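As structure tokens, the structure follows; a few thoughts come after it.
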Amino acid sequence: MAARFAAALDALAPGGRLALAVSGGADSLALLLLADGWTRAAPDRRLYVLTVDHGLRPESARETGAVAAQATALGHDHAVLRPNRPLPRRGLEAAARACRYELMAAWCRAAAVPALATGHTLDDQAETLLMRLERGSGLDGLSAMAPETRLGDIRLLRPLLGFRRAETAALVARAGLHAADDPMNHDPAFERVRIRRAMTTLGLDAEGLAATADRLRRDRAAIETLVDDLVRRAFTLSPAGVGGIEVAALRGTPAPLVERALARLIRAVGGGAYPPRRDRLDRLAALIAGDGDFPGATLGGCRFLPGRGHVRVLREARRLGPDLELGAGAAGVWDGRFAVVAGAQPVTIAALGAHRPQGLPALPAAERQVLPAVFSQGRLIAVPTLEFGTPQAARLRYCAPSMFSA
């Protein structure tokens, strides 16, 4: 099992610094044990163990402490991450998952750890396929989980997708560890539990379902290469996060390819974790590529300005994230799109808005309104994307999802 894991992780090329998402369940503990062995095989490898404690159950503090003790016993750093806002009762499962990824990606970014590994198994893959089939997902959803995706500029790796849940449980038992058993994993109020029970009742084969997801993922990859070509011909994206569409390059292209390309552009400009619904993308594609002037539209946190041959795409001002306050030398992400490192003094990163200081390069008001700007004690001191003001006040790097497939 160790050799299979090492081969799977090496194929993902995680680099020397790798974070692990370890909740204390059997799958994540198996991930920790296997990654520990992988780390010891090379002196330049280092693991960081992350546990998110939502505080939803009285046992969570004890379980978090057990993970910390195990990580420490193996000689690895451990961090407990806690959300700073309550989770909604409706859609708790999805909200908790999104919160965990947000917290862990932020930690990785601050610690300069480029990759995060999770303990998703082949059984999780099969369940995900059925969950998405029930929701009526298309090819993207039915491709289920990929071995590698991205959380902004952080790589999300799943090296256990080829392993069965029974294998991870057996490994943890042989190591003499006690895995946490979250009651949510047995509560039929949650979708994944219902799907898991249905698989048993119907006698569905997890390996067959996972193989189906893998075949669909290969089909999807082939389509994505065509979308890459369309993106290169039709779209542009500036370092300031301003998109452009050459309308003529879209005409005559099959609608599904145009919709996929627009979804990428929207994620790149809007910084969202997920693309808009396909029916909305379909309507937008028809508007942009149709005859006559494009009247303008908003979708996915983006504003598509009116135009004919060329359409500009901006971040929607009312959907911008909150101001980002950073101490001297501190790092953070503003609006989910700009990775920022402060200079020698505390700064606030916020939208430029209506500010128009003398010497600022001329550009349309709509674009100027949503640019990231650096403020100190309420005073505008820099607009890095325009090379205006004090360049050492803060370093900005655009980190929204790429318009190109991996």
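Here are the numbers:
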| read-out | value |
| --- | --- |
| Residues satisfying the stated conditions in region 373-406, i.e. of a type in the set (A, V, I, L, M), closer than 29 Å to VAL227 by Cα and modelled with pLDDT of 90 or more | LEU396 |
| Single unsatisfied condition, ALA95 versus (1) surrounded by fewer than 18 Cβ atoms within 10 Å (Cβ to Cβ); (2) in contact (Cβ under 8 Å) with a residue 40 or more places away in the chain | (2) |
| Given (1) in a helix (DSSP H, G or I); (2) modelled with pLDDT of 90 or more; (3) out of contact with any strand residue (DSSP E or B) (no Cβ under 8 Å at 6 or more places or on another chain); (4) not hydrophobic (A, V, I, L, M, F, W, C), index of the condition ASP44 fails | (1) |
| Long-range neighbours under 8 Å by Cβ, at least six apart or interchain, first residue open to solvent by 70 Å² or more (accessible area, probe 1.4 Å) within region 176-196, second of a type outside the set (A, V, I, L, M) and modelled with pLDDT of 85 or more | ASP181/GLY25; ASN185/GLY25 |
| Subset tally (residues that are closer than 19 Å to GLY270 by Cβ, charged (D, E, K, R) and surrounded by fewer than 20 Cβ atoms within 10 Å (Cβ to Cβ)) for region 313-349 | 4 |
| Region 28-47 - residue that is open to solvent by 30 Å² or more (accessible area, probe 1.4 Å) and charged (D, E, K, R) and, of those, farthest from LEU160 (Cα to Cα) | ASP44 |
| Hits in region 322-373 - residues which are farther than 16 Å from PRO239 by Cβ, acidic (Asp, Glu) and in a loop (DSSP other than H, G, I, E, B) | ASP323 |
| Members of region 286-321 found to be part of a strand (DSSP E or B) and over 30 Å from PRO346 (Cβ atoms), listed by number | PHE294, ALA297, THR298, LEU299, CYS302, ARG303, PHE304, GLY307, HIS310, VAL311, ARG312, VAL313 |
| Selection count, region 276-310, where residues are touching a residue at least 60 places away in the same chain (Cβ under 8 Å) and open to solvent by 50 Å² or more (accessible area, probe 1.4 Å) | 4 |
| Test: residue in region 68-90 that is touching a Pro at 6+ places or on another chain (Cβ under 6 Å), free of Cβ contacts under 8 Å to residues at least 60 places away in the same chain, small (Gly, Ala, Ser) and outside any loop (DSSP other than H, G, I, E, B) | no |
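Here is a yes/no grid of residues against (1) within 18 Å of LEU202 (Cβ to Cβ); (2) assigned to a strand (DSSP E or B); (3) open to solvent by 40 Å² or more (accessible area, probe 1.4 Å); (4) in contact (Cβ under 8 Å) with a residue 40 or more places away in the chain:
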position: HIS120; (1), (2), (3), (4): no, no, yes, yes
position: ASP123; (1), (2), (3), (4): yes, no, no, yes
position: GLU127; (1), (2), (3), (4): yes, no, no, yes
position: LEU130; (1), (2), (3), (4): yes, no, no, yes
position: ASP140; (1), (2), (3), (4): no, no, yes, yes
position: ARG150; (1), (2), (3), (4): no, yes, yes, yes
position: LEU156; (1), (2), (3), (4): no, yes, no, yes
position: PRO159; (1), (2), (3), (4): no, no, no, yes
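The rows are residues; the columns are (1) part of a loop (DSSP other than H, G, I, E, B); (2) open to solvent by 70 Å² or more (accessible area, probe 1.4 Å).
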position: ALA210; (1), (2): no, no
position: ASP219; (1), (2): no, yes
position: THR253; (1), (2): yes, no
position: LEU257; (1), (2): no, no
position: ALA261; (1), (2): no, no
position: ARG264; (1), (2): no, no
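The values are calculated or read from the model by the stated rules, or taken from the named source; none is laboratory data. Fair warning: this is a prediction, and the values are worked out from it, not measured in the lab. Positions of Cβ are backbone-derived with ideal geometry, glycine not excepted, and every protein chain shown enters the neighbour counts. The area values use the complete protein model at the heavy-atom level, side chains included, leaving out ligands, DNA and RNA. Shrake-Rupley method; radii C 1.70, N 1.55, O 1.52, S 1.80 Å.
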